[in-house]
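**Student:** Got a structure for you, questions after.
The values are calculated or read from the model by the stated rules, or taken from the named source; none is laboratory data. Every value quoted in this text rests on a predicted model; they were computed, and no experiment measured them. A quick note on method: Cβ atoms are made from the backbone with ideal geometry, for glycine too, and the neighbour counts reach across all protein chains shown.
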Amino acid sequence: MPTYGMVIDLLKCAGCGACGLACKTGNNTQDRQGGQSYNWADYMIEVEGKFPDVHYTNYPVLCNHCAKAPCVDACPVEPKAMFKSPEGITLHNDERCIGCLACVDACPYSDDDLDEGRSQYSVISYNVENEDVHPFYRDGSRINEGTSSGAEMVEVAGALPPHKTDFSHPDYRPVRRDGIVEKCIFCEHLVKNGLMPYCVDACPSGARVFGDLSDPDSEIANLLKVHNSVRLQVEKGTEPRVHYINKFRA
């Protein structure tokens, strides 16, 4: 049984945002709504020093798929809505979720728990209750008479959102409803079919490597043999499975 993880090479990362765009379109995540950011492939800027001697490091971030995931422990329902797959992926079941946000509060990588000097980023997102999912595409108003409304685009495309990427997953809907949480699942629906997560496949510089941490001959295992990796907030004891190698400071 594989144990999946990811290595991100900070020297190769150009900060282009292709990973975020691929994740957003591939998983049909929402635009920003009610102050909530829906970016499973996000960015964290670590700032060091004081002006004028200031440096920053850009960290592409996502769910860390922790070996000891606090979000799973905190989920109060049985069977759990937030749970671990046999391959170590932290998954979420839409139907069992009651929207209590216990998982968000427990996650040490949530916005409230980030160290000073690091910008906020999203890990587990909450679809605001009683608000339409993808509200822009439910709106019938037009910017001007020469354009189509969001609702008209949906009608023509036959999908909400109109760029919807459809997929089948036993626990996760392609477009999640309101009143529940959602998060990166390492694109398990693709991995099960021998494909890479969207963010890995879209990276033009090959900065992201996904694979089996338990296979000593895998690319990801060999990278970790050669490089001393860094993981975020290891002092919390979560054993994150997203590793960073090398470093670029601007």
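**Student:** If the requirement is being crowded, with 21+ Cβ neighbours inside 10 Å, among the hydrophobic types (A, V, I, L, M, F, W, C) and in a loop (DSSP other than H, G, I, E, B), which of these qualifies: 66, 16, 23, 71?
**Tutor:** Result of the check over 66, 16, 23, 71: 66.
**Student:** Might you let me know whether the stretch 198-209 holds any residue that is under 14 Å from residue 8 (Cβ atoms), free of Cβ contacts under 8 Å to residues at least 24 places away in the same chain, in contact with a strand residue (DSSP E or B) (Cβ under 8 Å, 6 or more places away or on another chain) and not acidic (Asp, Glu)?
**Tutor:** No, the conditions are met nowhere in the stretch 198-209.
**Student:** Output the qualifying pairs, or none if there are none: Cβ atoms under 8 angstrom, residues six or more apart or on different chains, first residue in the stretch 1-15 and touching a residue at least 12 places away in the same chain (Cβ under 8 Å), second residue acidic (Asp, Glu) and assigned to a loop (DSSP other than H, G, I, E, B).
**Tutor:** 1/87; 2/87; 2/215; 3/87; 4/87
**Student:** Residue 187 - would you say it is modelled with pLDDT of 85 or more, in contact with a Pro (Cβ under 8 Å, 6 or more places away or on another chain) and either under 26 Å from residue 16 (Cα atoms) or surrounded by 17 or more Cβ atoms within 10 Å (Cβ to Cβ) (or both)?
**Tutor:** Criteria met by residue 187.
**Student:** For the stretch 104-122, enumerate the residues that are in a loop (DSSP other than H, G, I, E, B) and at pLDDT 85 or above.
**Tutor:** 107, 108, 109
**Student:** Test residue 100 against the stated conditions and say whether it is in contact (Cβ under 8 Å) with a residue 60 or more places away in the chain, more than 18 Å from residue 232 (Cβ to Cβ) and surrounded by fewer than 21 Cβ atoms within 10 Å (Cβ to Cβ).
**Tutor:** Answer is no for this residue.
**Student:** Within 30 Å of residue 13 (Cβ to Cβ) and assigned to a loop (DSSP other than H, G, I, E, B): is that true of residue 174 in this structure?
**Tutor:** Answer is yes for this residue.
**Student:** From the residues in the stretch 195-231 that are in a strand (DSSP E or B) and of a type outside the set (Gly, Ala, Ser), which one is surrounded by the fewest Cβ atoms within 10 Å (Cβ to Cβ)?
**Tutor:** 230
**Student:** Within the stretch 141-155, is even one residue at pLDDT 95 or above, exposed (fewer than 15 other Cβ atoms within 10 Å of the Cβ), out of contact with any Cys (no Cβ under 9 Å at 6 or more places or on another chain) and in a loop (DSSP other than H, G, I, E, B)?
**Tutor:** Scanning the stretch 141-155, I find no residue that is at pLDDT 95 or above, exposed (fewer than 15 other Cβ atoms within 10 Å of the Cβ), out of contact with any Cys (no Cβ under 9 Å at 6 or more places or on another chain) and in a loop (DSSP other than H, G, I, E, B), so the answer is no.
**Student:** Kindly provide the set of residues from the stretch 226-245 that are without any contact (Cβ under 8 Å) to a residue 60 or more places away in the chain and among the β-branched types (Val, Ile, Thr), ordered by number.
**Tutor:** Across the stretch 226-245, the qualifying residues are 226, 230, 234.
Table: residues versus (1) without any contact (Cβ under 8 Å) to a residue 12 or more places away in the chain; (2) of a type outside the set (Asp, Glu); (3) in contact with a Pro (Cβ under 6 Å, 6 or more places away or on another chain); (4) more than 18 Å from residue 180 (Cβ to Cβ).
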| site | (1), (2), (3), (4) |
| --- | --- |
| 25 | no, yes, no, yes |
| 46 | no, no, no, yes |
| 50 | yes, yes, no, yes |
| 87 | no, no, yes, yes |
| 92 | no, yes, no, no |
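**Student:** Identify, please: which residue in the stretch 54-92 is among the charged types (D, E, K, R) and under 15 Å from residue 107 (Cβ atoms) and is, among those, nearest to the chain's Cα centre (by Cα)?
**Tutor:** In this case the residue turns out to be 84.
**Student:** Being surrounded by 14 or more Cβ atoms within 10 Å (Cβ to Cβ) and more than 29 Å from residue 172 (Cα to Cα) is the requirement here; does residue 29 meet it?
**Tutor:** Considered against the rule, which asks whether it is surrounded by 14 or more Cβ atoms within 10 Å (Cβ to Cβ) and more than 29 Å from residue 172 (Cα to Cα), residue 29 comes out as no.
**Student:** Residues in the stretch 26-63 that are in a loop (DSSP other than H, G, I, E, B), touching a His at 6+ places or on another chain (Cβ under 9 Å) and charged (D, E, K, R): how many?
**Tutor:** The qualifying residues number 1.
**Student:** Let me ask something else. Return the pair list, or none, for Cβ contacts closer than 6 Å from residues in the stretch 61-85 that are among the small types (Gly, Ala, Ser) to residues that are assigned to a helix (DSSP H, G or I), at least 6 apart or on different chains.
**Tutor:** Sorted first by the residue in the stretch 61-85, then by its partner, the pairs are 74/102; 74/103; 74/106.
**Student:** Name the single residue that is farthest from residue 7 (Cα to Cα) among those in the stretch 232-243 being assigned to a loop (DSSP other than H, G, I, E, B) and modelled with pLDDT of 95 or more.
**Tutor:** The residue in question is 237.
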